[in-house]
Structure formats: structure tokens, C-alpha cells
Amino acid sequence: MSEILIRAENVTKTFVSRKGRVEAVRDFSIDVQRGKVVCIVGASGCGKSTFLNMVAGFIQPTSGCISLEGKPITSIEPRCGMIFQSYALFPWMTVLDNVSFGPRLKGVRKSERYQKARRWIEMVGLQGFEDAYPGELSGGMQQRVALSRVLANEPDVLLCDEPFAALDAMTRQIMQQELLHIVQKSGKTVIFITHSIDEALILSDTLVVMSARPGQVKAVYDNDLPHPRKLEVQLTDRFLKLKRQVWNLVQEEVVGSMTMPVIR
Ligand SMILES: Nc1ncnc2c1ncn2[C@@H]1O[C@H](COP(=O)(O)OP(=O)(O)O)[C@@H](O)[C@H]1O
Ligand SMILES: [Mg+2]
């Protein structure tokens, strides 16, 4: 039976600064079921990060509510772990110390935290690199370290804010497969922000298209592409049909929000 883990109800966020008011997200409602991957796609600046930051509890909605297991999220939520595009690793710490940093803050004994960290390092395919420093690793490997560092905190929910956007195309595809593998093995719930439609179709169980700012839910798709989602799925008719549908929706928003001068 499916269980709703996270529910956003009529969430609106307006930023007020000296420059004025910016309504980033408007009347945004989605349900996220436990153990599922929800991908949110939308044009740059439509409010994707703002929404994710509210789920993490970093900022609060202006109105509406986001709840986890039925309880409103009112401060930084330890059951959610955030993965950003920038890896934000400590350059002076080894991979092992980076990954076990969260448990160290919680006072977990060294032997125990190292043992657990090694498991997560293995899960992301980095065994053998425990004693390396971030500067000695490629971008893809650093993002793996960042992922295992978040996993070491044992969150129920992974919040991913375009984590693979800076990676080259090949590495990005490998990371997508790794993430699917981890999700399948660990049963984590994932909200994944991207502006790549291909990435959203590969990863998601549910795909949410956001409108241009203020970000609203424009469409929700149940992604019925079969699992396991190997890369070849991208060549199937079903994938291309879904891609065209989503692309058309996103394109409407991009064109609608453009204020380019007309060149005659
Ligand atoms: N702290 C803030 N103060 C004022 N405006 C903000 C703040 N954070 C985001 N915004 C504005 O909200 C809108 C949505 O931003 P964001 O959520 O980062 O978009 P996305 O992640 O979809 O690219 C943008 O216009 C941005 O300038
Ligand atoms: Mg963003």
C-alpha cells in the first residue's frame, strides 16, 4: 500500500527584500509517497530550489504547509538530507572523514562511524578511496562522496537540487544509474530537481512540471517506464512520447516567460 510521506499543500513563498517582493512559488501542492522518486522539472528561476529549501526546513512557506508524516516541517528537518550541485566537501579531510562527519557531530564512536561510513563509501562505488582527499578525485567521484556523506546521516528523504548538473554527460548518466540503484537498495524517498527532461524521465516514478515563476504545478505524470531503467530506455517509443509531452509543456513556460527584445 502506498503511504504519503511528504505532502505540500497550497504552498506559497514570497521573498520580501529591499528591492521589493518576489513571489517564487504559488499555491504549490504535491504528494510524495514513501520509497518513490519525484522529479520536478522547470525553467531556471521558476522556484525549484525555493520549494526544496522549504521541504528541508531551511526556509518557511509564506502560506500553506509542507508536512512529513503528517507533521508540519517548521525547522531544519534531520530526516531530510540535501545534495547540492556543488559538492561542499571539506578539502582537508579524507573521504572517510568527510563521510563520517555527520555521525561524528552526533557523538558516534570512531570505530562505529568509520565502519558505517565504509559501507556507504562502498555503496557509491568508492571503495579503495577512503584515504584520498577531495582534491585528488574527479567531479563525479566527489559527488559520490557528497552522496555517501548525506546517506551516512541516515535520512529518510534525499532532497537533490540539480546534483549532477555540473558533471559531463557520461558521468551524469552513470550517477543516475547509481542513484537508482541506491534508492532501490535503501528504499529512500527522493525529491529530485532538474532541468533535464531526460534525467527526470530516467529517475522518476512521478514527474512534476513547474510553470514559470511564480512556480505552480503545471502537470503531474506517473512515469510508467519499466524498471530497472537502463539507459536504453531512452531509445524506446514510450520514452520519446513522454519526452515530447513534457518538452512541449516546459517550452510553453520558457517562451511565455522570455522578454527578449524583438530583432527586426
Ligand atoms: N532569498 C531570496 N530572496 C529574494 N529572492 C529570492 C531568494 N531566493 C530565491 N529568490 C528568487 O526566487 C525566484 C526563484 O528562485 P529559485 O527557487 O532559486 O529558482 P530555481 O531553483 O527554479 O532556478 C528567483 O526569482 C529568485 O531570484
Ligand atoms: Mg535552483
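I need every pair where a residue in segment 57-86 that is farther than 30 Å from S148 by Cβ has its Cβ under 6 Å from the Cβ of a residue that is aliphatic (A, V, I, L, M), sequence separation at least 6 or different chains.
Matching pairs, first to second residue: P61/V11; P61/M54; G64/V11.
Considering only residues that are within 8 Å of ligand 1 (Cβ to nearest atom), hydrophobic (A, V, I, L, M, F, W, C) and under 20 Å from the mean Cα position of the chain (by Cα), which ones fall in segment 14-51?
A24, V25, A43, C46, F51
Listed residues V190, V246, V233; which is in a strand (DSSP E or B) and modelled with pLDDT of 90 or more?
V190
Return the residue satisfying two criteria in turn: it lies in segment 69-95 and is of a type outside the set (F, W, Y) and buried (at least 20 other Cβ atoms within 10 Å of the Cβ), and of such residues it is farthest from D131 (Cα to Cα).
I73
Residues to consider are A200, A212; find the one that is in a helix (DSSP H, G or I), assigned by TED's automatic domain parsing to the domain that holds G45, touching a residue at least 24 places away in the same chain (Cβ under 8 Å) and within 16 Å of ligand 2 (Cβ to nearest atom). Before the answer, list the steps.
Working: A212 fails: in a helix (DSSP H, G or I).
Of A200, A212, the one residue that is in a helix (DSSP H, G or I), assigned by TED's automatic domain parsing to the domain that holds G45, touching a residue at least 24 places away in the same chain (Cβ under 8 Å) and within 16 Å of ligand 2 (Cβ to nearest atom) is A200.
Taking the condition of being within 16 Å of ligand 2 (Cβ to nearest atom) and surrounded by fewer than 19 Cβ atoms within 10 Å (Cβ to Cβ), how many residues in segment 163-196 meet it?
Looking only at that region, the number is 4.
Somewhere in segment 56-74, is a residue aliphatic (A, V, I, L, M), within 16 Å of ligand 2 (Cβ to nearest atom) and within 18 Å of C160 (Cβ to Cβ)?
Yes, some residue in segment 56-74 is aliphatic (A, V, I, L, M), within 16 Å of ligand 2 (Cβ to nearest atom) and within 18 Å of C160 (Cβ to Cβ).
The values are calculated or read from the model by the stated rules, or taken from the named source; none is laboratory data. For clarity, every value in this text was computed on a predicted model and none was experimentally measured. Reconstructed Cβ throughout: ideal geometry from the backbone, glycine too, with neighbour counts over all protein chains shown.
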